[in-house]
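The values are calculated or read from the model by the stated rules, or taken from the named source; none is laboratory data. Bear in mind the structure is a predicted one, so any value in this text is a computation, not a measurement. With ideal geometry, Cβ positions are generated from the backbone for all residues, glycine too; neighbour counts draw on all protein chains shown. When the accessible area is computed, the model is the full protein with side chains, heavy atoms only, and any ligands, DNA or RNA have been set aside. Shrake-Rupley method; radii C 1.70, N 1.55, O 1.52, S 1.80 Å.
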Amino acid sequence: MKLVVIGGQWGDEGKGKAVDFLAEKAELVLRYSGGANAGHTVVVEGQTYKFHLVPSGVLNPGKTVILGIGMVVDLATLFEELAQLEQAGIPWQGRVLLSDRAHVVLPRYKEMDQHRDRARPRPLGTTGRGIGITYALKAFREGVRVVDLFEEGTWNALEPADRAFLQPYLERVRAMMTDVSALVHEKRGGNLLLEGAQGALLDLDLGTYPFVSSGISCAAGAAVGAGIGPQEIDRVIGVFKAYSTRVGNGPFPSRFTVERDGDLEEKVRGIGKEYGVTTGRPRRCGYLDLPALRYACRSNGIGSLLITKMDVYDGMPELKICTSYQLDGRRTEAFPASAEALERAEPVLETVPGWTRAVKGCQRFTELPREARDYIRRVEDYCGVPVEVISTGPNRSETIVRKDPWTPS
Ligand code: GDP
Ligand code: IMO
Ligand code: MG
């Protein structure tokens, strides 16, 4: 089977945890988009691991993990991450592979990214990791791919400073370099887990443009990233938080406000530890936005949802959910294409009972407080997609499976 895991919101939904959990039954785990702008946290038996580039399945012993075709790779960050794995006693040699078609991020791209974003009249608040520049040069057909580092012509055409940066990594990269499409074809009998980065609403085409990242983080990107056809994908799993967050700039209609919600943003940020893994920036927090989530489900073919962070809402007597927007004098459930329109949209909030008994520690769906189950049902009814997995804490073990996503439907 081939499963895709994508973020259903603006990133940081808990994809890292989901991928780590699902990787147990996968033969290959392939990350298909983005670069070191991502920050994926995995907690196993109390030990925390943070990944920017290495696929989150790597902690499962013996699994082969691949940095796929659609990625943009900063080699300094990659080898730093691999050294950290080694220090943590996790062997990676021979099982972390890198697509020969992936693009390389050069140090000057990071400087350009930071400079360009600061110079914008309305900065996007990029992570400064050179992502937009690398993808722009790729589209402009002036990018540097992994395979190009081993061709005399392309290597010699690089600037001396670029060659000096790249030289120390060459032999290690050569050992990891793989024809991804051929490998995936060879292993077609086994389970393949396709790991997305960022989220549906940060996708270059489907997201809240221009406040998006530059990769194909939507589900369709998984086929490109693995060098397979779209019909080969069996299921798309959308990971979403019980609430919403956003780091960086851009419209966020359901954000908590002090006037309406008091100190709720601070509270959720504190309990949920809502600070960026990559930049340390505080994430903006808000209510679950159902029109946005339904849009993400529809535009990505999400057939199964995985909810995270329900425990962060533990003990709150009352909650709200955004069910539509008031926009330009009318009420709508549609998710606008224009960032300016989304900026003008006022959230229409439905009040629902919270759960005073904790979801943290619950082992089964039936053990969850009734209000928590109702909250999940509200999402299912609205989006028309079942919530099949429930995460009740950051640890791998804090996961309730109602239906195993690997079970063929
Ligand atoms: P990703 O980018 O989608 O992988 O998500 P991040 O790792 O950036 O952010 C998610 C954060 O939430 C991480 O610190 C996770 O350890 C944590 N997390 C994941 N699932 C849960 C959950 O169910 N409850 C709580 N409290 N934390 C969670
Ligand atoms: P994960 O995989 C949250 C955001 C940045 C910025 C915008 C563009 O951890 O969910 P970029 O540096 O990509 O050009 O920045 O996208 N962004 C993310 N936000 N999670 C991510 O990844 C993100 N990757 C990029 O904050 O607003
Ligand atoms: Mg993240």
Original post:
Residues of region 11-27 being surrounded by fewer than 24 Cβ atoms within 10 Å (Cβ to Cβ) and away from ligand 2 (no atom under 12 Å from the Cβ), which ones?
Top reply: Glu24, Lys25, Glu27
**OP:** Filter region 251-282 down to residues that are buried (at least 20 other Cβ atoms within 10 Å of the Cβ), touching a Lys or Arg at 6+ places or on another chain (Cβ under 7 Å) and of a type in the set (D, E, K, R), then give me how many there are.
**Re:** 1
Original post:
Which residue pairs have Cβ atoms closer than 7 Å, lie 6 or more positions apart in sequence or on different chains, and pair a first residue in region 114-126 that is open to solvent by less than 80 Å² (accessible area, probe 1.4 Å) with a second residue that is within 16 Å of ligand 3 (Cβ to nearest atom) and modelled with pLDDT under 95?
Top reply: Leu124/Gly248; Gly125/Gly248; Thr126/Gly248
**OP:** Go through region 247-282 residue by residue and tally those that are assigned to a helix (DSSP H, G or I), within 27 Å of Gln326 (Cα to Cα) and within 16 Å of ligand 3 (Cβ to nearest atom).
**Re:** 1
Subject >> Selected residue (only one of Arg396, Arg370, Arg344 is closer than 21 Å to Tyr243 by Cβ and open to solvent by 50 Å² or more (accessible area, probe 1.4 Å)) >> reply: Arg370
Original post:
If you check every pair at least six apart or on different chains, which have Cβ atoms under 9 Å apart with a residue in region 154-183 that is of a type in the set (Asp, Glu) first and a residue that is part of a loop (DSSP other than H, G, I, E, B) and open to solvent by 80 Å² or more (accessible area, probe 1.4 Å) second?
Top reply: Asp179/Arg101
Subject >> Candidates Arg31, Arg95 - the one that is open to solvent by less than 10 Å² (accessible area, probe 1.4 Å) and of a type in the set (Lys, Arg) >> reply: Arg31
**OP:** Those residues that are of a type in the set (A, V, I, L, M), touching a Phe, Trp or Tyr at 6+ places or on another chain (Cβ under 8 Å) and either open to solvent by less than 20 Å² (accessible area, probe 1.4 Å) or away from ligand 1 (no atom under 14 Å from the Cβ) (or both), I need them from region 217-250; list them, please.
**Re:** Ala222, Val224, Ala226, Ala242
Original post:
Quick one: is Gly8 on the phi < 0 side of the Ramachandran plot, buried (at least 24 other Cβ atoms within 10 Å of the Cβ) and without any contact (Cβ under 8 Å) to a residue 60 or more places away in the chain?
Top reply: no
